[in-house]
Ligand code: UDP
C-alpha cells in the first residue's frame, strides 16, 4: 500500500531541505525526493580521492546578514569564521576583486590612479560602490576611462565565457553583484556574517533532514515516489516539470576539472578569476582555503562554463535575458492553470539567482505558503 504524505518536496537542496525541516517541525509528514544520491544539491561537499574536501559542483561560500537564516542553520552546524577573497589575473597582474582602490593603484600610473580615485570619491563617496554598467555611463571622462578599463579587462571576457553573452545583454543585477568599490576592502562579500559550516555543507544538510517527520528518498525522481500528498513543493526546473512544452528556459552549465597538487598551497587567494577571453576557463578554486582543512596537499577545480543541454548536463545558472523572463512568466501562468497545487521554489523552480541565504529564505517562504494552504 502506498504511503500518504502531507507534503511532497522535489529536491533536497538548500530550498527543499529548509522547507522540509520547517514543515516537519510544524507536525506535517514530509517526503523529500532527490534524484541525486546526496542531499544539499549543488552545495554538496566531501573528500576527493586524496582526502581533500572539495565542492564537486563548484565553490559555495556562505555569507548573510539575515538573522533568521543564521539562527536556523546554526541549529545544524557550528561555524568557522571565513572571509572570502578573490583575485583576478589582469594584464599579467594579480589584482583584488571586486575592483577596488588597491586594484586601481595596481592598474594605472600613479597620477592617473590618483585622479580616478579622487573622481570616484567625489561621485560615489568614500566606501561607496558603483556597478560597472552604471560607471560606464559617468559624465566624468576620467571615470569613464576607468569604467572602460574595468569593463574590458574584468567583465567583458569573463561574462562572455560565463554566460555566452556580453555584460549588456544580461540582467544588470548579475554584474552588479561585483561592483567597483571606493575603498581598500578586499573581501568579496560585505555581509555581517561570513562563516562556513564547520561540519561541512553535506553534514549540515543531513542533520537538517534527520527528523522523524521527514522521509528522505535519495536517488529517486519525484515521479517515482508513487505516493499521494496534499501539497507539493517543486525545486527542480519549471520548464522540465512541464516537459519543455513552451520551449526550454536558458541555463548555463559548468564543467569542472579537478586537480591535485602535492604542495600545501596553489593559489594566491581561494579563488583566482581569469577574465581574459583567450583563456577557456573562468576561475580556479582552491578548496582548502575555503574549508580551512588541515592537509599537507591541495586540490583545486578549474571551471569551464558550458551551454546547458537538457537531459545531458546539469542546469547551474538561470540565464537572465528579457526573452527568458517572458518565457518564465508564461510557465508561471501555465503552472497556475494546470498545477495550482504545486509551489515552484528555489533557484531552478523560481528561475532566480539565489545566494545560499536567499535559498534558505525561499524554503521558509515555500513552507509558509504550504501551511497557509493546508490551514
Ligand atoms: N564577473 C565578471 N568578472 C569577474 C567576476 C564576475 O565579469 O571577474 C561578472 C560575471 O558576469 C559574473 C557576475 O559578475 O557572472 C557575478 O559574479 P559572481 O562572482 O557573483 O558569480 P558566482 O560566484 O555566483 O558565479
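Odds and ends about this structure:
- Of residues in segment 86-105 being over 12 Å from residue 150 (Cβ atoms) and touching a strand residue (DSSP E or B) at 6+ places or on another chain (Cβ under 7 Å), the one nearest to the ligand (Cβ to nearest atom): 86
- Test: residue 232 is touching a strand residue (DSSP E or B) at 6+ places or on another chain (Cβ under 7 Å), within 16 Å of the ligand (Cβ to nearest atom) and closer than 24 Å to residue 14 by Cα: no
- Given (1) farther than 26 Å from residue 17 by Cβ; (2) more than 16 Å from the ligand (Cβ to nearest atom), number of the condition residue 227 does not satisfy: (1)
- Flag for residue 269 being at negative phi, touching a residue at least 12 places away in the same chain (Cβ under 8 Å), surrounded by 14 or more Cβ atoms within 10 Å (Cβ to Cβ) and out of contact with any helix residue (DSSP H, G or I) (no Cβ under 8 Å at 6 or more places or on another chain): no
- Residue 190 within 26 Å of residue 302 (Cα to Cα) and within 10 Å of the ligand (Cβ to nearest atom): no
- Residues that are away from the ligand (no atom under 16 Å from the Cβ) and in a helix (DSSP H, G or I) occur at least once in segment 125-141.
- Enumerated strands (runs of 3 or more DSSP E) restricted to segment 1-89, each holding at least 3 residues that are surrounded by 16 or more Cβ atoms within 10 Å (Cβ to Cβ) and modelled with pLDDT of 95 or more: 4-10, 30-33
- Any chance residue 216 is within 16 Å of the ligand (Cβ to nearest atom), outside any loop (DSSP other than H, G, I, E, B), modelled with pLDDT of 95 or more and in contact with a strand residue (DSSP E or B) (Cβ under 9 Å, 6 or more places away or on another chain): no
- Hits in segment 50-73 - residues which are over 20 Å from the mean Cα position of the chain (by Cα) and without any contact (Cβ under 8 Å) to a residue 60 or more places away in the chain: 71
- Per the conditions (1) under 30 Å from residue 333 (Cβ atoms); (2) in contact (Cβ under 8 Å) with a residue 24 or more places away in the chain, the sole criterion not satisfied by residue 296 is (1).
- For segment 152-187, the set of residues classified as near the ligand (Cβ under 9 Å from one of its atoms) and over 27 Å from residue 82 (Cβ atoms) consists of 156, 157, 160, 163, 165, 167, 170, listed by residue number.
- Restricting 349, 311 to residues that are surrounded by fewer than 18 Cβ atoms within 10 Å (Cβ to Cβ), under 22 Å from the mean Cα position of the chain (by Cα) and more than 15 Å from the ligand (Cβ to nearest atom) narrows the list to 311.
- Any hit, segment 47-63, residues being away from the ligand (no atom under 16 Å from the Cβ), within 22 Å of residue 362 (Cα to Cα) and in contact with a strand residue (DSSP E or B) (Cβ under 6 Å, 6 or more places away or on another chain): no
- Lone unmet requirement of (1) more than 13 Å from the ligand (Cβ to nearest atom); (2) part of a loop (DSSP other than H, G, I, E, B); (3) out of contact with any helix residue (DSSP H, G or I) (no Cβ under 7 Å at 6 or more places or on another chain); (4) under 27 Å from residue 170 (Cβ atoms) for residue 263: (4)
- Neighbours by Cβ (under 6 Å, 6+ apart or cross-chain): first from segment 148-172, within 19 Å of residue 352 (Cβ to Cβ); second more than 9 Å from the ligand (Cβ to nearest atom) and in a helix (DSSP H, G or I): 172/133
The values are calculated or read from the model by the stated rules, or taken from the named source; none is laboratory data. This is a predicted model, so every value here is computed, not measured. Here the Cβ is made from the backbone with ideal geometry for all residues, glycine too, and neighbour counts use every protein chain on show.
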